[in-house]
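> Before we start, here is the structure in question, set down as structure tokens.
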Amino acid sequence: MKTLIKNAIAVNEFRKFETDVLIEDEIILKIDKNISAENCNVIDAEGKHLFPGAIDDQVHFREPGLTHKATIATESRAAIAGGITSFIEMPNTKPQATTIEKLEEKFAIAANTSHANYSFMFGGTNDNLEEILRVDPKSCAGLKLFLGSSTGNMLVDDEKVLENIFSKTGLIISAHCEDETTIKNNLEAYKARYGDDIPIKHHPKIRSEEACYLSSSRAIALAKKTGARLHVFHLSTAKETDLFRNDIPLKEKKITAEVCIHHLWFCDDDYENKGTFIKWNPAVKTPADRKGLWEALLDDRIDVIATDHAPHALEEKQNNYVNAPSGGPLVQHAMTAMLDAYHNGKISLEKIVEKMCHNPAILFQIKKRGFLREGYFADLVLADLGKPTTVTRESLLYKCGWSPFEGTTFQSGITHTFVNGNLAYHNGTFHELRRVKRLEFDR
């Protein structure tokens, strides 16, 4: 099976250039101008931009056990419609992926139902170190530690256990960093004043800058002490960004950071209109925090853009503050949101591709993905930067059926998504053939 993409504007490895791309079966066979080939499907990409498929290093697809919110099938379908061709999913499902047996059960589900390439993180707890040490780093994305409790409480709060894990595992440790004691004390103070119906605007004061900084700074100190490889998920404060460095290449970093779409897009001014639909852990904070995150992203203290896609049923999100769960769906519009930031002069196309495609592949040592290179898997995305896309409830592909972006018109649209050479999505239509793979790691 051959496909020839003609006349695309490719964005790859810090440059833009006009090119054709020839795909044969699963692989990018040739990248060059004026390619001619017989017996192939030709796609004229005149005026469109060609990106490597995005790799989302943090999603919650809720399967098994929470499938009233989402499934691997539904959310991966939404992901490819948004230009995300590979994902790494989190362990806080039911049951939690804290044994190798449960982890492999999730891999089996994805093999049968996913529309995108997939891997999963193994979950650390206060008492599963022996199981952590059995995980094969070549077949699993890494280890997830919740240093602050969130959906499906997997809090690891024993300091001796943490030091043991950091000292002994060879896995990349990805951490949710919020200080539990600080949050509990803040929550009790607001409950004493408001009961369960705390105004949502106080969420960033409960899950505060202090809670984030305390936890992330401790995790970084522990990583430096033990030599562990640490990746800090979803930074939400400007203060935290100063904990990270940009004076060495990503491949040499032992401590790295991620920012998510919602912390770049929203701020605490938006709680008035969006309410609990933008309730995330860690919280969306001030305009100054958002500005600081953008600065750190652009100067490379922050290495990766992800989504922390975490859907909940509509009726769950409409509860009062205390009972409304944190998290929301984002994979379908993550790339178009970043393309809007490009249109608004905040970021270059090259930097978007670096942070959403190249860097996740480098950071997690993913084999042959994240770049437009001959011999690499043909995970490709075509975007029309002049095609406005309005987010309506009817257009959503998430099982939960809502989005914090409802009513937003983005200035760009994703037109084609290839997964391992297969045109999996084209202008709202999905190909019945699934040609997906378990991610492999070059470790």
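> For the structure I just gave you, tell me whether K138 is touching a Phe, Trp or Tyr at 6+ places or on another chain (Cβ under 6 Å), surrounded by fewer than 17 Cβ atoms within 10 Å (Cβ to Cβ) and in a loop (DSSP other than H, G, I, E, B).
Spelling it out, K138 is indeed touching a Phe, Trp or Tyr at 6+ places or on another chain (Cβ under 6 Å), surrounded by fewer than 17 Cβ atoms within 10 Å (Cβ to Cβ) and in a loop (DSSP other than H, G, I, E, B).
> Moving on. Answer yes or no as to whether A211 is in a helix (DSSP H, G or I) and aliphatic (A, V, I, L, M).
Working: in a helix (DSSP H, G or I): yes; aliphatic (A, V, I, L, M): yes.
Against the criterion (in a helix (DSSP H, G or I) and aliphatic (A, V, I, L, M)), A211 qualifies.
> Cβ-Cβ distance below 7 Å, separation of 6 or more or different chains: which pairs start in the stretch 282-294 with a residue that is part of a loop (DSSP other than H, G, I, E, B) and end on one that is of a type in the set (V, I, T)?
Between residues of the stretch 282-294 that are part of a loop (DSSP other than H, G, I, E, B) and residues that are of a type in the set (V, I, T), the close pairs are V284/I278; K285/T237.
Conditions tested, residue by residue: (1) without any contact (Cβ under 8 Å) to a residue 40 or more places away in the chain; (2) touching a strand residue (DSSP E or B) at 6+ places or on another chain (Cβ under 8 Å); (3) part of a helix (DSSP H, G or I).
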{"residue": "E46", "(1), (2), (3)": "no, yes, no"}
{"residue": "L50", "(1), (2), (3)": "no, yes, no"}
{"residue": "E63", "(1), (2), (3)": "no, no, no"}
{"residue": "K69", "(1), (2), (3)": "no, no, no"}
{"residue": "A73", "(1), (2), (3)": "no, no, yes"}
{"residue": "S76", "(1), (2), (3)": "no, yes, yes"}
{"residue": "A79", "(1), (2), (3)": "no, yes, yes"}
{"residue": "S86", "(1), (2), (3)": "no, yes, no"}
{"residue": "Q96", "(1), (2), (3)": "no, yes, no"}
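> What pairs come out if I take residues in the stretch 337-361 that are closer than 24 Å to Y376 by Cα and among the basic types (K, R) and pair them with residues that are assigned to a helix (DSSP H, G or I) and open to solvent by 10 Å² or more (accessible area, probe 1.4 Å) whose C-beta lies under 8 Å away, six or more apart or interchain?
Hits for this filter: K351/L298.
> Give the number of residues within the stretch 13-25 that are surrounded by 15 or more Cβ atoms within 10 Å (Cβ to Cβ) and either at pLDDT below 95 or farther than 20 Å from H358 by Cβ (or both).
Counting residues in the stretch 13-25 that are surrounded by 15 or more Cβ atoms within 10 Å (Cβ to Cβ) and either at pLDDT below 95 or farther than 20 Å from H358 by Cβ (or both) gives 3.
> Inside the stretch 38-63, can you point out the residues that are open to solvent by 30 Å² or more (accessible area, probe 1.4 Å) and more than 18 Å from L382 (Cβ to Cβ)?
E38, N39, E63
> Being acidic (D, E) and touching a residue at least 24 places away in the same chain (Cβ under 8 Å) is the filter here, so list the residues in the stretch 295-315 that pass it.
Quick first cut of the stretch 295-315, residues acidic (D, E) only: 295, 299-300, 303, 308, 315.
Within the stretch 295-315, E295, D299, D300, D303, D308 meet the criteria.
> Checking L423 against (1) modelled with pLDDT of 95 or more; (2) over 20 Å from the mean Cα position of the chain (by Cα); (3) assigned to a loop (DSSP other than H, G, I, E, B), which single condition isn't satisfied?
(3)
> Let me ask another. Pairs needed: first member in the stretch 400-425, under 23 Å from K317 (Cβ atoms); second member anywhere, part of a strand (DSSP E or B) and among the aromatic types (F, W, Y); C-beta distance under 6 Å; at least 6 residues apart or different chains.
Final answer for the pair search is none.
> Any idea which residue in the stretch 26-35 is surrounded by the most Cβ atoms within 10 Å (Cβ to Cβ), counting only those that are part of a loop (DSSP other than H, G, I, E, B) and of a type in the set (D, E, K, R)? Break it down stepwise before answering.
Narrowing the stretch 26-35 to residues part of a loop (DSSP other than H, G, I, E, B): 26, 33-35.
From the residues that got through so far, the ones that are of a type in the set (D, E, K, R) too are 26, 33.
Numbers: E26: 18, K33: 10.
Top of the filtered list is E26.
> Do we find a residue being of a type in the set (F, W, Y) and either surrounded by fewer than 18 Cβ atoms within 10 Å (Cβ to Cβ) or within 28 Å of V381 (Cα to Cα) (or both) anywhere in the stretch 307-324? Show your work before the answer.
Here is the first cut: in the stretch 307-324, the ones of a type in the set (F, W, Y) are 321.
Then keep just the ones that are either surrounded by fewer than 18 Cβ atoms within 10 Å (Cβ to Cβ) or within 28 Å of V381 (Cα to Cα) (or both); that gives none.
No, the conditions are met nowhere in the stretch 307-324.
> Just one of K387, K368 is open to solvent by 20 Å² or more (accessible area, probe 1.4 Å), on the phi > 0 side of the Ramachandran plot, of a type outside the set (G, A, S) and not in a helix (DSSP H, G or I); which is it?
On inspection, the qualifying residue turns out to be K368.
> Taking the options D197, D157, D179, name whichever one is in contact (Cβ under 8 Å) with a residue 24 or more places away in the chain and exposed (fewer than 14 other Cβ atoms within 10 Å of the Cβ).
Residue meeting the stated conditions: D197.
> Here's a follow-up. Kindly indicate the residue of the stretch 39-61 that is touching a helix residue (DSSP H, G or I) at 6+ places or on another chain (Cβ under 8 Å) and among the hydrophobic types (A, V, I, L, M, F, W, C) and also farthest from R373 (Cα to Cα) among those meeting that condition.
Out of the qualifying residues, it is F61.
> When you scan the stretch 232-261, how many residues do you find that are open to solvent by 10 Å² or more (accessible area, probe 1.4 Å), part of a loop (DSSP other than H, G, I, E, B) and β-branched (V, I, T)?
1
> Turning to a different aspect of this structure: Looking only at the stretch 113-131, decide whether some residue is polar (S, T, N, Q), within 20 Å of K69 (Cβ to Cβ), in contact with a Ser or Thr (Cβ under 6 Å, 6 or more places away or on another chain) and at pLDDT 95 or above.
Looking through the stretch 113-131, at least one residue is polar (S, T, N, Q), within 20 Å of K69 (Cβ to Cβ), in contact with a Ser or Thr (Cβ under 6 Å, 6 or more places away or on another chain) and at pLDDT 95 or above.
> Still on this structure, I have one more. Against the condition among the polar types (S, T, N, Q) and more than 30 Å from G275 (Cα to Cα), how does N164 come out, does it pass?
Yes, satisfied.
> Another question, then. For the stretch 304-319, state whether one or more residues are under 16 Å from the mean Cα position of the chain (by Cα) and assigned to a helix (DSSP H, G or I).
No, the stretch 304-319 has no match at all.
> Just checking, does the stretch 394-412 include any residue being open to solvent by 10 Å² or more (accessible area, probe 1.4 Å), out of contact with any helix residue (DSSP H, G or I) (no Cβ under 9 Å at 6 or more places or on another chain) and basic (K, R)?
no
The values are calculated or read from the model by the stated rules, or taken from the named source; none is laboratory data. What you are looking at is a predicted structure, and each value in this text was computed from that prediction instead of being measured. Every residue, glycine among them, receives a Cβ derived from its backbone with ideal geometry; neighbour counts consider all protein chains shown. Heavy atoms of the whole protein, side chains included, go into the accessibility calculation; ligands, DNA and RNA do not. Shrake-Rupley method; radii C 1.70, N 1.55, O 1.52, S 1.80 Å.
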